[in-house]
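**Q** The structure's right below; bear with me while I get my questions together.
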Protein chains: 2
Amino acid sequence: MEGIIEIISNSGARIVGLQAPEGLKRSLPKMAKEITEKTGAEVILSGDPCYGACDIDLDLGKEVDLVIHLGHTTLGDGPDKFVYFEARMPGDLKDAVERSIPLLRGKKIGVATTVQHVHKLDDALEVLQDHGLQGVVGPACGRARYPGQVLGCSFGTIKGLEVGEYLFLGTGRFHPLGIALSTGKRVIASDPVTGEVAEIDPDPMLRRRWGAIARAMDSKKIAVIVSKKPGQRRWETARKIVDLGKTKGRDMVLVYVDNIEPDRLINLGVDAAVSTACPRIALDDAAKYNIPVLTPQEFEIVIGYRRAEDYEPDEYP
Amino acid sequence: MEGIIEIISNSGARIVGLQAPEGLKRSLPKMAKEITEKTGAEVILSGDPCYGACDIDLDLGKEVDLVIHLGHTTLGDGPDKFVYFEARMPGDLKDAVERSIPLLRGKKIGVATTVQHVHKLDDALEVLQDHGLQGVVGPACGRARYPGQVLGCSFGTIKGLEVGEYLFLGTGRFHPLGIALSTGKRVIASDPVTGEVAEIDPDPMLRRRWGAIARAMDSKKIAVIVSKKPGQRRWETARKIVDLGKTKGRDMVLVYVDNIEPDRLINLGVDAAVSTACPRIALDDAAKYNIPVLTPQEFEIVIGYRRAEDYEPDEYP
């Protein structure tokens, strides 16, 4: 908090915006009060949902002198007005690695984590070494700013490692599933927060994805969704999908949208949608939609432009 | 549709945006296809919800040469790139007026409607005359472009009329409720689409509003919501509310948001909210929120800045 106060004071900003992901939002009103008391600046909170570093509130940026964006690493293309404060977990990764040991089979393990824990990766490698195992961490790449870091849309860090299996240290199933789908290799996920550890089985997710692909086969009217979020706006990918679909006789329509919600798609009366926004939307939220929502790669399979055996998860370059 | 094609052709636009309220959205994919076939322009649909003329998609405007906005009248401040096509109902108002006759008591009736039917108001007055009644229509005023027109946030047209009661011709309960609350007079609503006709009873709504006001009395942390929608962005009103609340010892925080949804407020951990956005949000959707969401006027009552007997609905100038 001192760092934030200092930056605001030094900047001379009179109106300050605060943005944070949902999990940190509850702390914002108190933070706003403290900022105003200590710097005299008016504070405006971003009330819209925030799902990642790709999801910065540019509208808020227009109304204020400075935006403090909490909880994410910059993607490298943040506007000048935006200052990022990464959220780092205070706990360590050692116990999480210890718990994973009985599940590991090989001697050489690819290790990956998210930005919250990335500063503790060395500890993780040490614990592996104590057990006679070699942890391998890939270099920063694409949207990942740190070695060993993965994002929900970017798994480049773990690709090309000469390892037989992976250890993912972090929360949730999306990242380790992405590693499994990207590499086709065994992945152990160990959660430093909940203490859970398990081998990831990508089959249920893949079966759901093939179900969606099958249901989209006969679709005629297809919405191709482009996100308004600065880090998710893939016009080029979307226009390529529109063109591909048209050559196969489908009615394709471009749709520009901020937050993708089921009723947005229902009201358009389309049979299927291809989302070029955050890859998690098609994969995580499939059950929310009453029409198949595909990734670009999945749609390529639907129209016969990509072979089924070349299925791969959607990733950002 | 010919008018739209002509405008696009004459404008030379190569990329065209289409925006419509939810009820008209289903027709957009077909319209998009026809536009592309006849003009060669690429079409991009606005996928976000659209609740009024105040809710134009400026982000879409940045990506295209021209935006066709269907279903609303301009508020007079639409950007150059936006062309409005009002949606007008083909049916007439005569039957709706006939059905209202048995419920009318006076001889002089204030008549109001929404933009979809405003071109048929003369017919309505004729039917009243046939029954020996005088229909009175107020002049265009504020956000209302036509005589007799009311909007959900603007009832100026019907104020100051020397009538004993009002006849509202249109769909839904929000507009006639607004007339009743604004004027304190009897209102008959007759719906030309459903054929329903009834006297409006504002008491249940008022009781709910007083319930919300009562629940907000002890609130400490209060979010003051400003909408990002161009026609709903009331910074001045919001800042006045923040200042008023602070002088009464409340913790006030400004929140800037696109679509106001219950989870946005829950995650902020506030006890109550004051919405300076569309007045319908606080009134229509109250049941969706687990905290009281007030209009600015209602919050003034909470903090003792306005007397209870001066309760009035929130309106835009």
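**Q** Here is a check on your reading of the model: is A:Asp77 under 30 Å from A:Ala41 (Cα atoms), surrounded by fewer than 20 Cβ atoms within 10 Å (Cβ to Cβ) and either at pLDDT 95 or above or under 18 Å from the mean Cα position of the chain (by Cα) (or both)?
**A** yes
**Q** Of the conditions (1) closer than 30 Å to A:Arg209 by Cα; (2) crowded, with 23+ Cβ neighbours inside 10 Å, A:Val97 fails just one. Which one is it?
**A** A:Val97 satisfies every listed condition except (1).
**Q** Another question, if that's okay. I'm trying to understand the selection: among the residues of the stretch A:156-169, which are modelled with pLDDT under 95 and within 20 Å of A:Gly142 (Cα to Cα)?
**A** Result: A:Gly156, A:Thr157, A:Ile158, A:Lys159, A:Gly160, A:Leu161, A:Glu162.
**Q** Next up: Here is a list: A:Ala53, A:Ala87. Which entry is more than 14 Å from chain B (Cβ to nearest Cβ), crowded, with 18+ Cβ neighbours inside 10 Å and either at pLDDT below 85 or under 17 Å from A:Ala32 (Cα atoms) (or both)?
**A** Of the residues listed, the single one that is more than 14 Å from chain B (Cβ to nearest Cβ), crowded, with 18+ Cβ neighbours inside 10 Å and either at pLDDT below 85 or under 17 Å from A:Ala32 (Cα atoms) (or both) is A:Ala53.
**Q** Within the stretch B:12-30, track down each residue that is over 28 Å from B:Gly152 (Cα atoms) and more than 9 Å from every other protein chain (Cβ to nearest Cβ).
**A** Of the stretch B:12-30, the ones over 28 Å from B:Gly152 (Cα atoms) are B:12-16, B:29-30.
Across the stretch B:12-30, the qualifying residues are B:Gly12, B:Ala13, B:Arg14, B:Ile15, B:Val16.
**Q** From the residues in the stretch A:41-50 that are surrounded by 20 or more Cβ atoms within 10 Å (Cβ to Cβ) and within 15 Å of B:Lys228 (Cβ to Cβ), which one is farthest from the other protein chains (Cβ to nearest Cβ)?
**A** Per the criteria, the residue is A:Cys50.
**Q** Here's something else I'd like to know. Is one or more of the residues making up the stretch B:203-213 modelled with pLDDT of 90 or more and in contact with a Ser or Thr (Cβ under 9 Å, 6 or more places away or on another chain)?
**A** The answer is yes, given that some residue of the stretch B:203-213 is modelled with pLDDT of 90 or more and in contact with a Ser or Thr (Cβ under 9 Å, 6 or more places away or on another chain).
**Q** Restricting attention to the stretch B:267-307, and to residues there that are touching a Lys or Arg at 6+ places or on another chain (Cβ under 7 Å) and polar (S, T, N, Q), which single residue is modelled with the lowest pLDDT?
**A** The qualifying residue modelled with the lowest pLDDT is B:Asn267.
**Q** Right, next: Would you pick out the residues in the stretch B:216-253 that are out of contact with any helix residue (DSSP H, G or I) (no Cβ under 9 Å at 6 or more places or on another chain) and among the aliphatic types (A, V, I, L, M)?
**A** B:Val242
**Q** Taking the stretch B:177-234 as the region of interest, how many residues are in a loop (DSSP other than H, G, I, E, B) and either of a type in the set (A, V, I, L, M, F, W, C) or over 28 Å from B:Val257 (Cβ atoms) (or both)?
**A** Of the residues in that region, 12 qualify.
**Q** For A:Phe174, state whether it is touching a residue at least 60 places away in the same chain (Cβ under 8 Å), closer than 20 Å to A:Leu93 by Cβ and surrounded by fewer than 21 Cβ atoms within 10 Å (Cβ to Cβ).
**A** yes
**Q** Among B:Val43, B:Val67, which is the only one that is β-branched (Val, Ile, Thr) and over 26 Å from B:Ile281 (Cβ atoms)?
**A** Exactly one of B:Val43, B:Val67 is β-branched (Val, Ile, Thr) and over 26 Å from B:Ile281 (Cβ atoms), namely B:Val43.
**Q** Oh, and also: Looking for whichever is without any contact (Cβ under 8 Å) to a residue 24 or more places away in the chain and either part of a helix (DSSP H, G or I) or within 14 Å of another protein chain (Cβ to nearest Cβ) (or both) here; the options are B:Lys38, B:Lys62. Which one fits?
**A** Of B:Lys38, B:Lys62, the one residue that is without any contact (Cβ under 8 Å) to a residue 24 or more places away in the chain and either part of a helix (DSSP H, G or I) or within 14 Å of another protein chain (Cβ to nearest Cβ) (or both) is B:Lys62.
**Q** Show me the helices (runs of 4 or more DSSP H) found entirely inside the stretch A:258-316 where at least 3 residues are more than 14 Å from every other protein chain (Cβ to nearest Cβ) and hydrophobic (A, V, I, L, M, F, W, C).
**A** On the way: elements: A:262-268, A:279-284, A:296-302.
So the answer is A:296-302.
**Q** Name the residues in the stretch A:198-212 that are crowded, with 19+ Cβ neighbours inside 10 Å and over 19 Å from the mean Cα position of the chain (by Cα), would you?
**A** Hit for the stretch A:198-212 is A:Ala212, nothing else.
**Q** Could you list, in sequence order, all residues of the stretch A:17-35 that are outside any loop (DSSP other than H, G, I, E, B) and over 13 Å from A:Tyr84 (Cα atoms)?
**A** A:Glu22, A:Gly23, A:Leu24, A:Lys25, A:Leu28, A:Pro29, A:Lys30, A:Met31, A:Ala32, A:Lys33, A:Glu34, A:Ile35 - these are the residues of the stretch A:17-35 that are outside any loop (DSSP other than H, G, I, E, B) and over 13 Å from A:Tyr84 (Cα atoms).
**Q** Can we say B:Gly71 is buried (at least 19 other Cβ atoms within 10 Å of the Cβ), under 19 Å from A:Arg264 (Cα atoms) and more than 10 Å from every other protein chain (Cβ to nearest Cβ)?
**A** Working: buried (at least 19 other Cβ atoms within 10 Å of the Cβ): yes; under 19 Å from A:Arg264 (Cα atoms): yes; more than 10 Å from every other protein chain (Cβ to nearest Cβ): yes.
Yes; evaluated as a whole, the condition is true for this residue.
**Q** Check the stretch A:127-150 and report whether any residue there is touching an Asp or Glu at 6+ places or on another chain (Cβ under 7 Å) and closer than 18 Å to A:Leu283 by Cα.
**A** Kept after step one, since they are touching an Asp or Glu at 6+ places or on another chain (Cβ under 7 Å), are these residues of the stretch A:127-150: A:127.
Applying the additional criterion that residues be closer than 18 Å to A:Leu283 by Cα yields none.
Among the residues of the stretch A:127-150, not one is touching an Asp or Glu at 6+ places or on another chain (Cβ under 7 Å) and closer than 18 Å to A:Leu283 by Cα, which makes the answer no.
**Q** Would you be able to say whether some residue in the stretch B:98-113 is at pLDDT below 90, under 20 Å from the mean Cα position of the chain (by Cα) and within 30 Å of B:Gln232 (Cα to Cα)?
**A** no
**Q** Could you list all residues from the stretch B:218-248 that are touching a Gly at 6+ places or on another chain (Cβ under 8 Å), of a type in the set (Gly, Ala, Ser) and at the interface with another protein chain (Cβ under 10 Å from one of its Cβ atoms)?
**A** The one that is touching a Gly at 6+ places or on another chain (Cβ under 8 Å), of a type in the set (Gly, Ala, Ser) and at the interface with another protein chain (Cβ under 10 Å from one of its Cβ atoms): B:Ala223.
**Q** Checking the conditions here, which among B:Asp122, B:Asp59 is among the acidic types (Asp, Glu), under 24 Å from B:Gly178 (Cβ atoms), out of contact with any Pro (no Cβ under 6 Å at 6 or more places or on another chain) and surrounded by fewer than 20 Cβ atoms within 10 Å (Cβ to Cβ)?
**A** Selected residue: B:Asp122, the only one of B:Asp122, B:Asp59 that is among the acidic types (Asp, Glu), under 24 Å from B:Gly178 (Cβ atoms), out of contact with any Pro (no Cβ under 6 Å at 6 or more places or on another chain) and surrounded by fewer than 20 Cβ atoms within 10 Å (Cβ to Cβ).
**Q** Which count do you get for residues in the stretch A:99-133 that are in a helix (DSSP H, G or I) and closer than 12 Å to A:Ala189 by Cα?
**A** The number of residues fulfilling the criteria is 4.
**Q** While we're here: Within the stretch A:235-257, work out how many residues are without any contact (Cβ under 8 Å) to a residue 24 or more places away in the chain and not in a helix (DSSP H, G or I).
**A** The number of residues fulfilling the criteria is 1.
The values are calculated or read from the model by the stated rules, or taken from the named source; none is laboratory data. Nothing here was measured: the structure is a model prediction, and the numbers come from that model. Reconstructed Cβ throughout: ideal geometry from the backbone, glycine too, with neighbour counts over all protein chains shown.
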